[in-house]
1. Across region 91-128, what is the total count of residues that are part of a helix (DSSP H, G or I) and either closer than 19 Å to residue 185 by Cβ or aromatic (Phe, Trp, Tyr) (or both)?
2. Is there a residue in region 163-174 that is surrounded by fewer than 20 Cβ atoms within 10 Å (Cβ to Cβ), over 19 Å from residue 130 (Cβ atoms) and free of Cβ contacts under 8 Å to residues at least 12 places away in the same chain?
3. Against the condition surrounded by 10 or more Cβ atoms within 10 Å (Cβ to Cβ), under 30 Å from residue 151 (Cα atoms), at pLDDT 70 or above and under 23 Å from the mean Cα position of the chain (by Cα), how does residue 105 come out, does it pass?
Amino acid sequence: MPSLSLSQRLTARSCGARVALSVAVVLLAYPALAQDGRAHEKGKPKVTADKAADIAIANEAPDIEARRFCANAGPSIAEARIAWERKQLGDLDAQVKQRLADLEKAEASVQEWVAKRDAMLKSASDDLVAIYAKMQPETAATQIAAMDDQMAAAILGKLKAGAAGAILNEMEADRASKLAVVLSGANGAGKKS
């Protein structure tokens, strides 16, 4: 007999157990069917050895058929399970690939933002920043408020926190908050789609 896989053996055992249970139920029900509401006849001949052998063979026939059925159905059941598992793994693989693609997009966005931020900070030369650091906050606020957002944020970003805070304090609230947003990087992140 060829070697059976675990799933085939379990399927064969399960089928064999069902057949044995069915045979037991039929054997237990048979005396009840024979009486069928009538008193048992004493003159009935007892089962002979030949009839007992015939009954045993008849009882084994369904067991053999069930084993054959289970042996034939087992491989297709195992193949169906393997196909289902492959489909599940394929779906999970697709989900993982999608998540990786999303993460790569997010990483590229962050790297782009960092590059823009570095370029913005480099655009403000150290000499220019030193000039604004020595100015009075009111005067510096007036001049920085007139600049474009990126340049103003670059200069404010290179100033010490106390000097930058004093200059922002002297600006109009709308302009100061707009520059604070640019400084924090929220402006670049908010424009991404």
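The values are calculated or read from the model by the stated rules, or taken from the named source; none is laboratory data. Quick caveat: nothing in here was measured; it's all calculated off a predicted structure. Every residue, glycine as well, gets a Cβ built from its backbone with ideal geometry; the counts of neighbours run over all protein chains shown.
1. 19
2. Looking through region 163-174, at least one residue is surrounded by fewer than 20 Cβ atoms within 10 Å (Cβ to Cβ), over 19 Å from residue 130 (Cβ atoms) and free of Cβ contacts under 8 Å to residues at least 12 places away in the same chain.
3. Yes, satisfied.
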